[in-house]
Structure formats: structure tokens, C-alpha cells
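Undergrad: Provided herewith is a single structure, encoded as C-alpha cells, for subsequent inquiry.
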């Protein structure tokens, strides 16, 4: 037992030490000032946020429909599709990025926001589907029966019996896809156009050139938001657990 | 109100590929009656409930209420409401909104809603729950809200799916009284679906035992218990001891009570109808006896359970009052005696009404 | 008891599968079919590409130079996988045994680093290695790359193991200990077989992506260390030898599909056993 705790503590330190040492560089007023003044960086942030938002919405929508479709398929096809869904999770990212590059070139697509969004939706789709699949599997169908029994028309059935149960899944799916998109470097690198400078691309070039403390400030800020997100979702789970 | 079900049938294939559902149901239920459909899982009782509630359409048969064909009426327009096993309360709506949901759906005016909700809150004693979020209610409270929600539109029939299964013992007893009170007050018929025979016995005026998609016996709880028409019913409701003609040579007492020439007759005797006395005790003129040996005993508080073995080698379960001493320890030789009137022959053609 | 599965009767399965099909064709089938076609081409010495079908690209991958890169990458990925599993197993086990707020805290501590930018994490490791911890010169060496890989992949190994340990009945180990199992036996005879599926899953999801990892070897290894990731980038963008690169990617895809097939087998086996 003591050995376990030692390993666990060691792992935590291992994971956090380099991160803390680097991120504390961003803990300065100079960093904040420079960040607010660095219009390129802020513009990249904005581009990434919009890109993440758009691709997360599309991925969630597609994922929801797919999660609804899967149970209706035959067992064999369902298994095959579920295996295919896992391919982007497993395949090395560079292979995926290059494959998309070659494909877009072949079909004559213009490298720009279109290809970028398409690519981001592509790799987020699997996660969105998996999250919604879990959500739908745990739906309480008697609520739908109850709503019908009490005279609710289809729209009200959706609103009162289905949507409240789907909402946590939709939010989780969106958040996951959003985070994935925001963080993506490699695939974006291959499929973007000349004008797109997403945040990871910008950060990469700045880190390469060892420019500016403001990167660390921004990362610290984003990390803080993610921490908030993780804490909020933990609280939500606690609430659900205390209900049942 | 008079509910008449004829030839109702709904068959489907379950997850193992077997046929399941309702093979054939003919049943009449009286107004204000408490009726239970009782049977093991897969017997068709839940299918029946869903057909009555309108959640499924039957393959064949009819359901008539006051002579009118219900199958032609849209499910939510039927004067039948369902209380689901896990209550199915809408978690994002308040207790009040849950209760008045059906009224909102039929777009009743605020005044009508106020009046109806006041009545039902009084009746189900749920007014004090209004302020609480649905997720914070206990099992019993949730059930009351679910009842209020279903009863607010004053349905003629209320369907309840395993109403007491999620409640602990104390709450169960309380809820049994509640359900009885509500039924009497409202005059609606309550139809229960359950696999728990004690639940069915307490809640209903009549019980319909189902097995393999069919009704195998209908009757009052007493009839079902004392005069089961089949081995299945005898063992499903309570514990039963069986013995046949091979035991007759070992019997003492007034043997003229036994009907002549009962080939292959099987008699059923309930454990509490049997008494254990020392060997050689006298028997009254309506009693029969058989020597037995005690194999095992257990004290249950209210009663002693004794497992005994008769001369043919068959074992029987005997219940004697707990406030009396234990009839005999393991290995004791005793006389098992009973009144002939307490036996019930399963060969009898008297099917109770 | 099968209740009606249809929620809104008007939903049509044909319509519902459209996004799935679109994704499969546009994101998987399309790109990889094209890539496969490229892999059967050859690059001529003058820089153009001949579209005559041949296995030249695959043959060239067997050259000692290229084969060496592939084998090195596999070895590195294997080392990373073993390291991650060794660290993740006890960590996940401990986490699963914690209660309430402690458990939530532990989970957060593992998840939060994942929430920071991947790039920042790599550069953080590089900064750390630059500090020469324990007097070791890690940067631009293979051990340094291994360290950085493990740093990135460890949470992904912990999570599936944690999920699996969570589902386990704690009394199983108590029962085994009661029947005389030693500590070592508890691990080898109970824990490992019980969580076989999750262990394989964790290993798979570390091994295969590590094989083709690009950023970590490129940044932490500098231009001195060559693995599949750098190789691919080189072939496609610098050397412009698309057939060769495509062939390698096709092999990676093949490896992925093989791994997934094995994963399905493990999972269907465990569901049959009722795990």
C-alpha cells in the first residue's frame, strides 16, 4: 500500500513538475501586458475559438444522429462501423494529417477554412458519437411513455422527456470536441490554407523562435479555464450521483 | 365503469429469440375494483399493462370500456393513466409542474389547473413537497407525486407497475393503506402488475395469475390461496405441501373422509394448516394424521418452521405459532395432523368464480 | 421485456446514417483509398511520379535504411508502452480505491494536464530536460524522447485502467486473499486476467500512436533522431516521394486495423464472460 502511494505521488509529481515550472513563467504582469498587445496572437486565439465552436457544433450534431442510428443497424454492421470509428483515435496523427492532405489535393479543394473545419469535424466526430452513444444508452424511456400518457404531443415529448436527458451528453460532446479542436496542431498544419493561423500554429512558431512570455500567460489562462471545466463537470457528476 | 377485455393478444420476439408476450387474455374488471395481474417475469403481465395503457397495439382482441372500443381511442385520450415502476418524474420540472403536466398538455386554464391541483394535493398529501426539487424526493415521496400526476385528470382506471417493489418494509405497509384509501375515495379501478404475491394479496380484491402469456386462475386472494387450480398457482402463491395416494396406507384417523378411489389425486396442504403433536395423540373425527420425523427447524419470530419427512420419504414444511414451544427437535418422531377440510385436491374441477 | 425502441416514430434510419456515411467516405475511405493508390506508384529519378502500378514503394521500405527507421520506431513505441503501463497500473489501482473527495481530486490531477495545450506540454518537458535533472543530459537523446513520450501518453494509459478497476468488485481481492493468495498472486492471477481487456486497450492506445508520433521526436530529438514521424514528414514535404510515404502510411493503417480487430475480440470475450 505504501509502495502504491509512492508510485502515485511520483506519477503526480512527474506529470505536474515540468508543467508548473514552465507555466509559472506566465505568471507576470509583463506577460499580461504583452498578451493584450500581441494582436497576432489574439487574432489566432479568436480564429481557433471560432473554428473550435463551429466544428464542435457540427461534430456534435453528426455524432448525435449517428448515436441514434447505430442501435437500429444490424449487429454485424454496427460492429464494423464502431471499429471504423476508432481508427482516427488509434492511427498516428501524422498519418491522418497527410492522408487528408493528399485527399484534399486530389479532389481539388481549396485549402482554407472549409478544409480546416472539415478536418476538425473529422477527428472530433468519433468522440462526439461515443459520448452521445453512452448518453443515449442510459436514457430512461419510461419518461417518454409518461409524457405520452399524459397527453404530450411529439414536440412536448421531446422537450420534457428527451431533451433534459440528452443535454448533459450534448454539453459533454461539445466540450470534448471544442477542446480537441483548440488543441490540434499537426492535422491543422497539413490541411489549412495560407491565411489560417490557428492558435497552436501560432504558439508553435513563437516557441520555436523563443519569443515572448505572453505565450505562457495565455497557456496559463487557458489551463485555468480547463481546470474550471473539469471541476464543474465533477460537480455535475456529484449532483447526478446524489439524485440516484 | 366496466372494463371488458376479449381475446387480447400481442406476441413479439425477445432478446434471446424466444416468443414472449400475451397469448390470449379474456378478463372483466368491475368499477372501483382493485385487481392484480400476478405472475413470474415473462408471463405477459407487463405486456397487458402496456396494451391497456396504449403504449402498444395488440395483434388481436378488443378492449372495451362501458361498451366502447378503447383501441379506437388515442392512448392519451383514454381515461386510463399509468404510474411507472421508477415513477418517471420529469427531473427538470418542479413537483407542481410534474403534477399538473397533463393539464398543461391539454391546455387547461390557470383556474382549472388551480382547482384540480388543490384537490389532488389534498388527496395525495403532497402539498408539503411542492417546494422540493424532484431529485431530492425519497422513494415514497416520488411515488406520491407520480400518483398525483396520474390521478389529477381523474382517470377511470389507474395502472400501476410494481408499485411497492422499490419501497422498504415500513413504507410498503404505509403505501398499501394509501393506495386503498385513494381507490375508495376516487372510485377508480386500480390495476396492479406485480411478481410479488404478498403485494398482490394485500392490494387487490381479485388476483389474476398469469403464466406463459395466459391467465391461469382468477379469484379473490383467499380463493387463490385456498383453492389453487394448478400446481403452478399452488406453489407460486405461498408455500404448498403435496401428497398423494401413496401416503394413504400410513394415515391414521377417520379414513372414511377420504373420497373413494381417487386415482392419482394430489392433495395440497398449506404449512400453517398442519399441526405437530406427539406420536399417539388422539385425532378428532375430522382429522387425519401421519407419523413424521423432524429434519430441520427454524424460528422466524411469528412462527416455527419445521421440515418433516413422512414414511414415503417426501418432505413437508410445517408452520406452528411462535409463541408455542417448538414441536420437536431434529430427529424427533411426531404425528403430523390436519383437518381434512383444509386439504385441497388439485384434481378438482371446481374452478372458483 | 422489450419495450418499443422507437422514440419518435417518424425518424428514418436511412436519414440518420447519412452523417456516418459521409464521414466514413470523406474522412476515411476517400483519403486512404487515394493514399493506397499512391502507394502503388513509383517515383522516378527526375522527380515525377509514374502511375504504373507496382510494389516498388513497399520493396523499398525493406531497405536497411528505411527498415531500420521502422524498427527503431516500433522499439521506441514498445518501450514507451511498457513504461506507461508499469506506471499506470499501480496509479490507476490506487485511484480506483480512493473514496469521495480524494478520488475526485486524484482524477482531476490526472485530467488537468490533459487540458493544457499539447504543445505547451512538449515544450515544458524540453525546458525540464534542459535543466539536466539528475545530472542527465536528456535533450536531443533517445532517452529524452522516451521520457517526453511517456510524459504525454501516461494519462491515456491511466484512464482506461482506472475505468476498469472502478468496475471491479473490491471483494474479489479480499476473497482471494482469504483463500491464501499472496500479494504477487493477487496481481498475476486475479488483477491482470480480470482486466485483460483494459490492459490491452491501454497498451494499444499508447503503442500505435507512439509508433507514428511526429512532434515529440522532432522537437525533443531535434534533427538528429529519425523515426517514422519525421520520416513521413520528410517524404511528403521535402523529398516529395509520395509513393514511399503512402506505402508506410498504408502499413500503419494495416497495423491499426489489426489492433482494432484484436481489441474487438478481447471486448466480445469479456462481455461473454459477463465482466
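Undergrad: What spacing in nm lies between the two simple spin-label points modelled at residue B:339 and residue C:179, each 7 Å away from Cα in the Cβ direction?
TA: Calculated label separation equals 5.4 nm.
Undergrad: Would you mind pulling out the separation of the Cα centroids of the stretch A:188-230 and the stretch C:161-203, in Å?
TA: 41 Å
Undergrad: Please compute the modelled spin-label separation between residue B:300 and residue C:22, points set 7 Å along Cα→Cβ, answer in nm with one decimal.
TA: A separation of 6.5 nm, rounded to one decimal place.
Undergrad: Given a Förster distance of 60 Å, report the FRET efficiency between residue A:29 and residue C:238 from their Cβ-Cβ distance, rounded to the nearest 0.05.
TA: Values: r = 43 Å, r/R0 = 0.71.
Efficiency computed from Cβ-Cβ geometry: 0.90.
Undergrad: Next question, about the same structure. Viscosity 0.890 mPa s, temperature 25 °C: give me the Stokes-Einstein translational D for the stretch B:2-236 in µm²/s, with Rh taken as the Kirkwood radius over C-alpha pairs.
TA: Taking Rh from Cα pairs, D becomes 133 µm²/s.
Undergrad: Once R0 is set to 51 Å, what does the formula 1/(1 + (r/R0)^6) return for the Cβ-Cβ distance between residue B:132 and residue A:208, expressed as a FRET efficiency to the nearest 0.05?
TA: With R0 = 51 Å, the Cβ-Cβ based efficiency is 0.30.
Undergrad: Quick one: order B:16, B:154, B:275, C:63 by neighbouring beta-carbon count within 10 Å, fewest to most. Provide the component values of the computation, followed by the final result.
TA: Working: B:16 6, B:154 13, B:275 20, C:63 10.
Ordered from fewest to most neighbouring Cβ atoms within 10 Å, B:16, B:154, B:275, C:63 come out as B:16, C:63, B:154, B:275.
Undergrad: Mind giving me the FRET efficiency for residue A:221 and residue A:40? R0 is 22 Å, r the Cβ-Cβ distance, nearest 0.05 is fine.
TA: Values: r = 17 Å, r/R0 = 0.76.
After rounding, the FRET efficiency stands at 0.85.
Undergrad: Next up: Counting helices only, and only those DSSP H runs with n ≥ 4, report the 222 nm mean residue ellipticity of chain C as the sum of -39,500 (n - 2.57) divided by its residues, in deg cm²/dmol to the nearest 500.
TA: Values: 13 runs with 182 residues, N = 275.
Dividing the helical sum by the residues of chain C leaves -21500 deg cm²/dmol.
Undergrad: Name all residues of the stretch C:138-157 having a backbone nitrogen under 14 Å from the label point set 7 Å from the Cα of residue C:72 along its Cα→Cβ direction, giving them as ranges.
TA: C:140-146
Undergrad: Need the C-alpha centroid separation for the stretch B:119-151 versus the stretch B:1-70, integer Å.
TA: 29 Å
Undergrad: Using Cβ contacts closer than 10 Å as the measure, can you line up B:105, A:1 from fewest to most? Could you put the intermediate results ahead of the total?
TA: Numbers: B:105 19, A:1 7.
Fewest to most other Cβ atoms nearby, the residues stand as A:1, B:105.
Undergrad: Could you list the residues of the stretch C:228-245 with an amide nitrogen less than 19 Å from a label point located 7 Å from the Cα of residue C:48 in the Cα-to-C-beta direction?
TA: Under 19 Å, as judged by backbone N against the label point of residue C:48, lie C:240-244 of the stretch C:228-245.
Undergrad: How large is the convex hull of the Cα atoms of the stretch C:204-263 per residue, expressed in Å³ as a whole number?
TA: 68 Å³
Undergrad: Also: Among DSSP beta bridges lying fully in the protein assembly as shown, give the percent that are antiparallel, nearest 5.
TA: If I count the DSSP bridges inside the protein assembly as shown, around 75 percent turn out antiparallel.
Undergrad: Suppose the Debye formula is applied to equal point scatterers at every Cα of the stretch C:1-129; what is log10 I(q)/I(0) at q = 0.11, 0.13, 0.14 Å⁻¹?
TA: Log10 I(q)/I(0), no solvent term: -0.94, -1.05, -1.06.
Undergrad: For peptide A:14-27, compute the average count of partner chain beta-carbon atoms within 10 Å of each residue's beta-carbon.
TA: On the way: counts 6, 12, 3, 5, 16, 9, 1, 4, 9, 3, 0, 2, 1, 0.
That works out to 5 on average.
Undergrad: Evaluate Rg over Rh across the stretch C:41-193, taking Cα atoms for both radii and Kirkwood's formula for Rh.
TA: So for the stretch C:41-193, dividing Rg by the Kirkwood Rh gives 1.15.
Undergrad: Sort the stretch A:1-100 into rounded, prolate or oblate with this rule: let a ≥ b ≥ c be the square roots of the eigenvalues of the Cα gyration tensor; rounded if a/c is under 1.5, and if a/c is not under 1.5, prolate when a/b is larger than b/c, oblate otherwise. Working shown, then result.
TA: Details: a/c = 2.80, a/b = 1.36, b/c = 2.06.
Taking the square roots of the gyration eigenvalues as a ≥ b ≥ c, the stretch A:1-100 is oblate.
Undergrad: Further question: Over 40 Å apart: what share of the alpha carbon pairs of the protein assembly as shown falls there, rounded to a whole percent?
TA: The calculated P(r) of the protein assembly as shown puts 56 percent of pairs beyond 40 Å.
Undergrad: What does the extension gain come out to for residue B:31 and residue B:330, with contour length at 0.36 nm per residue minus their alpha carbon separation?
TA: Fully extending the segment from residue B:31 to residue B:330 adds 102.4 nm.
Undergrad: Still on this structure, I have one more. Within a 10 angstrom radius of each residue's Cβ in C:102-115, how many Cβ atoms of other chains show up on average? Whole number is fine.
TA: Mean partner-chain Cβ count within 10 Å for C:102-115: 5.
Undergrad: I would also like to ask the following. Run the helix sum for chain A: -39,500 (n - 2.57) per DSSP H stretch of 4+ residues, divided by residue count, reported at 222 nm to the nearest 500 deg cm²/dmol. Please report the intermediate quantities before stating the final value.
TA: On the way: 11 runs with 192 residues, N = 244.
Rounded to the nearest 500, it is -26500 deg cm²/dmol.
Undergrad: Here is a further query. Which semi-axes, in whole Å and largest first, does the equivalent ellipsoid of the stretch C:103-172 have when worked out from the alpha carbon gyration tensor as the square roots of 5 times its eigenvalues?
TA: 30, 14, 10
Undergrad: In whole angstrom, note down how far apart the Cα centers of the stretch C:62-101 and the stretch A:134-178 are.
TA: 40 Å
Undergrad: Shifting gears a bit: Spin-label point model (7 Å from Cα, Cβ direction): what's the residue B:212 to residue A:16 distance in nm?
TA: With each label point 7 Å from Cα toward Cβ, the separation is 6.6 nm.
Undergrad: Calculate, in nm to one decimal, what residue B:16 and residue B:154 gain on full extension: separation in residues at 0.36 nm each, minus their alpha carbon distance.
TA: Numbers: separation 138, 0.36 × 138 = 49.68 nm, distance 3.98 nm.
Length difference between fully extended and current span is 45.7 nm.
Undergrad: Something else: What average count of beta carbons from other chains do you get within 10 Å of the Cβ of residues in C:119-131? Please list the in-between numbers first.
TA: Numbers: counts 12, 16, 6, 4, 10, 10, 4, 3, 4, 5, 1, 0, 2.
That works out to 6 on average.
Undergrad: Does chain C come out rounded, prolate or oblate by the C-alpha gyration tensor, with a ≥ b ≥ c the root eigenvalues, rounded set by a/c under 1.5 and, if not, prolate when a/b is larger than b/c and oblate if not?
TA: It comes out oblate by the Cα gyration axes.
Undergrad: Hey, another quick one. Got a sec? Which residues in the stretch A:74-101 would a label at residue C:261 touch, if it sits 7 Å along Cα→Cβ and we count backbone N under 20 Å?
TA: Zone members listed by number: A:75-92.
Undergrad: Starting from the Cα gyration tensor of the stretch B:1-95, take the square roots of the eigenvalues, sort them a ≥ b ≥ c, and report rounded, prolate or oblate (rounded when a/c is under 1.5, otherwise prolate if a/b is larger than b/c, else oblate).
TA: The shape class here is oblate.
Undergrad: Sticking with this structure for a sec: Among B:15, B:62, A:188, which comes first, then next, by fewest other beta-carbon atoms within 10 Å?
TA: B:15, B:62, A:188
Undergrad: Specify the angular offset, from 0 to 90 degrees and rounded to the nearest 10, of the alpha carbon long axis of helix B:139-151 from the longest principal axis of the alpha carbons in chain B.
TA: In chain B, helix B:139-151 runs at an angle near 60 degrees to the longest axis.
Each reported figure results from applying straightforward, stated rules to the coordinates on display, with no laboratory input. All of these numbers come straight from a predicted model, not from anything done at the bench. A quick note on method: Cβ atoms are made from the backbone with ideal geometry, for glycine too, and the neighbour counts reach across all protein chains shown.
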